[in-house]
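Inspection log for the structure reproduced underneath, given as C-alpha cells.
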Amino acid sequence: MPDPLALLANAAGKLTRLGLQLSGRGGTALPGLVALTIDPDFIAAVASSLAHGVVLVSGTNGKTTTTRMLSDIVRATGWGPIHNRSGSNLERGIAGALLTENDWRGQLRGDIGMFEVDEASLPRVLGRISPRVVLVTNLFRDQLDRYFEVDQLARRIGDAVAKLDPRVTLVLNADDPIVAWLGQRHGGPVVYFGVDDPAVGGLVPQAISDATRCPRCRQPLRYERVVLAHEGDWSCPSCGLARPERDVSATRVVLTSLSSEIQLRTAVASAFDPVRVPIAGLYNAYNALAALAVARALDIALPTAALAIANFRPAFGRLEQVAVDGRELRLILVKNPAGFNAAIGALLEMGGRPRLLAALNDRDADGRDVSWIWDADFETLAPAVEHAVVTGIRSRDLANRLKYAGIARDRIEVVDQWGSAIDRALGGAAPGGEVVVLATYTAMLALRGELARRGHVANFWED
Amino acid sequence: MDLRIAHLYPDLMSVYGDRGNVLALAQRARWRDIAVEVRAFTAGTAFDADWPDLWFFGGGQDQGQDIVGADLAGPNGDAVRASLANGAAALTICGGYQLLGHEYLPENAPAIPGLGVLDVRTRAGSLRFVGNLVAETPDGVLVGFENHSGRTYLGPNAKPLGTVVVGNGNNGEDKTEGAVQGKIVGTYSHGSCLPKNPWLADRLLAWALERRHGPQKLIPLDDREEKAASEQAAEVAKARA
C-alpha cells in the first residue's frame, strides 16, 4: 500500500480499533468508518494487493452463510481469506475487516477478499473497487425504510453492473428473475446457478411476491414451479425471456431435519457425489449452491469445495443451537418476509410443535418499519405453535400479529426484559426440549448478549 | 351474514405489509361470525362492480403504479367508480390513496389522472418521508409508519382523517393526515394500518356490511392486544421524534 493517504487512514483506523479493544468494547464499525472518512478509497487501495482478488457477496438473503461457506472453501484450497465475519456488511464493515487483517504498514495477512456487501451499498462499492467475482444471491423486499423498493434497487444494481469491467465474473441466481436479468447488463462472463429438482417446492405457500412481472417487457411472468418466494422456473409468455441455462444446477435436493444433500449437474462434471450441507433448510441448500458456483468461477475444484461445505459450521443466529440448562435453544435470525418464510419452512420440515421465543426490534439494523411481519406467513406457522413468549421493543406488534394468525391468547405471553423472556421460554420447555428463537438482528444481539453474560455462548465479535 | 372484500391489484400494489389490512378486516369479521370472501382484482381482468362490499387498495412500486394507472384509465376504473357510487366502502393506502384522487403530478412530466373519487391532489416531493406516523382523530389515535415522497393536498369535499402528532402525514405542511370522503378512506399509514387501529377497521366493516345487509351495530371485540400494540408503537414514535 504505497499511497500515503491510505497509510494514514490505516493508522487512524487501527488506533481506533486499539482504543476500543483497550476499553473492552467489541464491534468493527467505528474503525472502518474512521479509515473511510480519511480515505474514501481505502478499501480499493488495500484490496489491490490481494493476489487472488476480491469476491463480493450481495443479495437480500443468504449473504452471511454463503460468505462463510466461501471462506471455508478458499481456505481448503490453501488461500487466506479476509472476511467481514460478523455480518457487518456495510462499507465500513469491509474496511474494518481489512484493518483487522493488515499491519501498520498496510501489509495484508490474507490473499483473497471475501466480502459480504449490503445490497443497497453494492452499487457504490462496485464503483469503488474492482472485484474478481460478484455474487448476487436473490433480491426480495427487505427493510423498505432503508432499501426502498425491489425494482428501484434492482435498477441501481443493474446500472452499476453495466459499468463493470468485462473481466469481472458475475455469479447469479437463475431462478430469481430480478437477479438473472442483471446478467443481461454485463459485458463479461456470467455463471448461473439454480435448482432443477422438480420435487422441490417449499411447504410455505408464497403469499407475497416481488417479481410478478417480466423484468424486460413488464408483462406477467409464468412459473412452471416455485422453489422459494419468487425463485423458480420462470418465463415470460409475452417476450420470451426465460430462466437462463444453469451452469451449476441442483438436479436433486434431499432435505432432512438437520441437513440437506444436493446432487449437482455441472457443465464440467456430469455426475458428482451428493454435496452434504450440514445446516437445515432449502434456503441453505441454495446458499451452498451459490458458494459452489462462486468456487467454479474461481476455478476451485468441486471436491475441495464440497468437502469444505460438508464441514461447515453455521453463523450467528443462522439455525445455531445453544444448550442452556438442559434445553436446546435454536436461534433463527429473521429480518424480512422471504427470510422468515424460508426459516419457518425449515422449522416445519423438522416437525413437532415448537415453543417459540419471538423478539421484534425496530432499530435501524432491524428495519424501523415493522410492517413486514404482516407479509411474513405466520398463518402457516400458527397451527404448529405450542406456546410463544414474545419480547422486544415492538413485542406488542408481534403479539398482535400472532393473535391475527390464529394463535390462541393463552398460548401467547409478552415478557419485557431479555433475561426474563429467556427464563420464561426455557421454564416452559421440558428437560431435553427445544425452544425456537425467532429474532430480528438487534434483538438477536441482545438475546445473545444475555446468553453470553450467563456463559452459554461467546460474544459475537469473538466469532 | 357475509362480507365481500376486493383486494385491488394485490400482485402489484401490496408492499409494506399492506396484506395485513386485509387479514385484519377478514379476522375481525370472522370473530363476529360473519363469513368473509376475499377476491383479488388484477389488471387486465374485467371487474365486477356489483360484487365488492369493500375495496382495499395498497401501495406499490413505481413499476406497479404505471400498470395499475393504465388499467384504471379503462373500464376497470369505471367499475370501481360505479361500485363506490353504489355504496361500497374503500380503504386506500399510499399509492392507492394517491390514485383515487384527481391527479398525481410528477416532477417533470405531465399529470397522471386518478379516479377522482377523493377530492385530493398529489404532487411529487423531493424528500421522501420515512418514519413513524402518529395522528389524532376524533375516533382514536392512528398509529403507523409512512414511506412516501408524494405530497397530498385536500380539497373541500375531503376531510382529513386526523391531525399529525409525529411524522409528516399528507404533505408535511398542514398537519393533516389521510382523507375521508363518504365511505372512502385514504391514509399514508402502513404498519400494517388496521391491526393496530381497530377502530378504523370496525368503521370500514360497518360501512361495508351496510351495502347489502343494512345498518349494522358490530359486536365489540376484546382489543387488548391491538391497544397494547398501538400504545407501544405510539410511545416508541414519540420517544424518537
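Might you report the magnitude of the Cβ-based charge dipole of chain B about its Cα centre, with Lys and Arg at +1 and Asp and Glu at -1, to the nearest 20 debye? Intermediate values should be presented prior to the final figure.
Working: 23 positive and 29 negative charges, 61 e Å.
The dipole of chain B has a size of about 300 debye.
Given 10 Å bins starting at zero, what is the percent of C-alpha pairs of region A:21-74 in each, up to the one with the largest pair distance?
18, 32, 43, 7
More than 29 angstrom separation, counting every C-alpha pair in region B:2-240; what % is that? Before the final figure, lay out the partial values.
Values: 6124 of 28441 pairs.
Of the Cα pairs, 22 percent sit more than 29 Å apart.
Run the numbers on region B:99-241 and let me know its relative contact order in percent, using alpha-carbon pairs under 8 Å that are six or more apart. Mind showing how you got there, number by number?
Values: 279 pairs, mean separation 25.8, N = 143.
Result for region B:99-241 is 18 percent.
Going by Cβ distance under 4.7 Å, what cysteines of chain A have no possible disulfide partner?
none
Which helices pass in chain B if a helix is a full DSSP H run, must span at least 20 angstrom along its long axis by Cα, and must have mean Kyte-Doolittle hydropathy not below -1.0? Don't skip to the end; give the middle numbers.
Working: long enough: B:198-213 (22 Å, -0.41); B:224-240 (24 Å, -1.18).
For chain B, where a helix must reach 20 Å along its axis and average at least -1.0, the hits are B:198-213.
Grab the DSSP H runs of chain A that are 4 residues or longer, score each as -39,500 (n - 2.57), total them, divide by all residues and round the 222 nm result to the nearest 500 deg cm²/dmol.
Working: 17 runs with 171 residues, N = 463.
After summing the helix terms and dividing by residue count, I get -11000 deg cm²/dmol.
Which order do the peptides A:39-45, A:417-423, B:89-95 come out in when sorted by mean C-beta neighbours inside 10 angstrom, highest first? Please list the in-between numbers first.
Values: A:39-45: 21.0, A:417-423: 18.4, B:89-95: 27.9.
Packing order, densest peptide first, comes out as B:89-95, A:39-45, A:417-423.
Put +1 on the Cβ of each Lys and Arg and -1 on the Cβ of each Asp and Glu in region A:318-462; which of A:VAL322, A:ILE344, A:ALA408 then has its Cα farthest toward the positive end of the dipole?
A:ALA408
Using unit Cβ charges (K, R positive; D, E negative) and no other charged atoms, how large, in debye to the nearest 20, is the dipole of the protein assembly as shown about its Cα centre? List each step's numbers first, then the result.
Working: 73 positive and 80 negative charges, 141 e Å.
Roughly 680 debye for the protein assembly as shown.
Of A:SER257, A:ILE43, B:VAL165, which is farthest towards the positive pole of the protein assembly as shown's charge dipole, taken about the Cα centre with +1 and -1 on the beta-carbons of Lys, Arg and Asp, Glu respectively?
A:ILE43
Once you have all Cα-Cα distances for chain A, histogram them in 10 Å bins from zero and send the whole-percent values.
Computed distribution, short to long bins: 4, 21, 31, 27, 14, 3, 0.
Could you work out the relative contact order of region B:2-240? I mean the mean sequence separation of Cα pairs under 8 Å and 6+ apart, divided by the number of residues, in percent.
Computed value for region B:2-240: 19 percent relative contact order.
Which listed residue (B:VAL38, B:GLN65, B:LEU205) has the Cα farthest towards the positive end of the charge dipole for chain B, taking +1 on Lys and Arg C-beta and -1 on Asp and Glu C-beta about the Cα centre?
Highest projection toward the positive end goes to B:LEU205.
If the only charges are +1 at each Lys and Arg Cβ and -1 at each Asp and Glu Cβ, what is the size of the charge dipole of region A:318-462 around the Cα centre, to the nearest 20 debye? Present the calculation step by step, with values, prior to reporting the outcome.
Numbers: 18 positive and 20 negative charges, 37 e Å.
The calculation lands at about 180 debye.
Just order A:432-441, A:174-183 by mean Cβ neighbour count inside 10 Å, highest at the front, would you? Don't jump to the answer; show the numbers that get you there.
Details: A:432-441: 21.6, A:174-183: 25.1.
Per-residue mean Cβ counts within 10 Å order the peptides as A:174-183, A:432-441.
At 222 nm, what value in deg cm²/dmol follows for chain B if DSSP H runs of at least 4 each add -39500 (n - 2.57) and the sum is divided by all its residues, to the nearest 500? Write down the numbers at each step before the final one.
Values: 7 runs with 77 residues, N = 241.
My calculation for chain B gives -9500 deg cm²/dmol from helical runs alone.
Per residue of B:229-238, how many C-beta atoms from partner chains lie within 10 Å of its own C-beta, taken as a mean? Spell out each step's value before the answer.
Values: counts 10, 3, 1, 9, 7, 0, 2, 7, 1, 0.
Mean number of neighbouring Cβ atoms from other chains: 4.
Take each of the peptides B:15-27, A:115-127, average the number of other beta-carbon atoms within 10 Å over its residues, and list them starting from the highest. Don't skip to the answer; put the middle values down first.
On the way: B:15-27: 25.2, A:115-127: 21.7.
Ranking the peptides B:15-27, A:115-127 by packing returns B:15-27, A:115-127.
Counting only other chains, what is the mean number of Cβ atoms within 10 angstrom of the Cβ of each residue in peptide B:125-133?
Details: counts 0, 0, 0, 2, 0, 6, 3, 5, 0.
Partner-chain Cβ atoms within 10 Å, mean over residues of B:125-133: 2.
Kindly put B:MET1, B:MET13, A:MET350 in sequence by how many other C-beta atoms sit within 10 Å of each C-beta, fewest to most.
With the sparsest Cβ surroundings first, the list reads B:MET1, A:MET350, B:MET13.
Mind checking the mean number of beta-carbon atoms from other chains within 10 Å of the Cβ atoms in B:20-32? The partial results should precede the final answer.
Details: counts 9, 1, 1, 7, 3, 0, 1, 4, 1, 0, 1, 1, 0.
Taking all residues of B:20-32 together, the mean is 2.
Let me have the relative contact order for region A:318-462, percent, based on Cα pairs under 8 Å that are six or more residues apart.
Values: 250 pairs, mean separation 49.3, N = 145.
Normalised by residue count, the contact order of region A:318-462 is 34 percent.
Report, in listed order, any pair from A:LYS63/A:LYS403; B:LYS183/B:LYS238; A:LYS14/A:LYS163; B:LYS159/B:LYS227; A:LYS403/B:LYS227 with a Cα-Cα distance greater than 21 Å. Don't jump to the answer; show the numbers that get you there.
Details: A:LYS63/A:LYS403 32 Å; B:LYS183/B:LYS238 30 Å; A:LYS14/A:LYS163 33 Å; B:LYS159/B:LYS227 25 Å; A:LYS403/B:LYS227 13 Å.
Correct reply: A:LYS63/A:LYS403; B:LYS183/B:LYS238; A:LYS14/A:LYS163; B:LYS159/B:LYS227.
Only the coordinates and a few stated rules stand behind these numbers; no lab work does. The shown structure was predicted, so the numbers you read here are calculated from the model rather than taken from an experiment. Glycine gets a Cβ as well: all are built from the backbone with ideal geometry, and neighbour counts include every protein chain shown.
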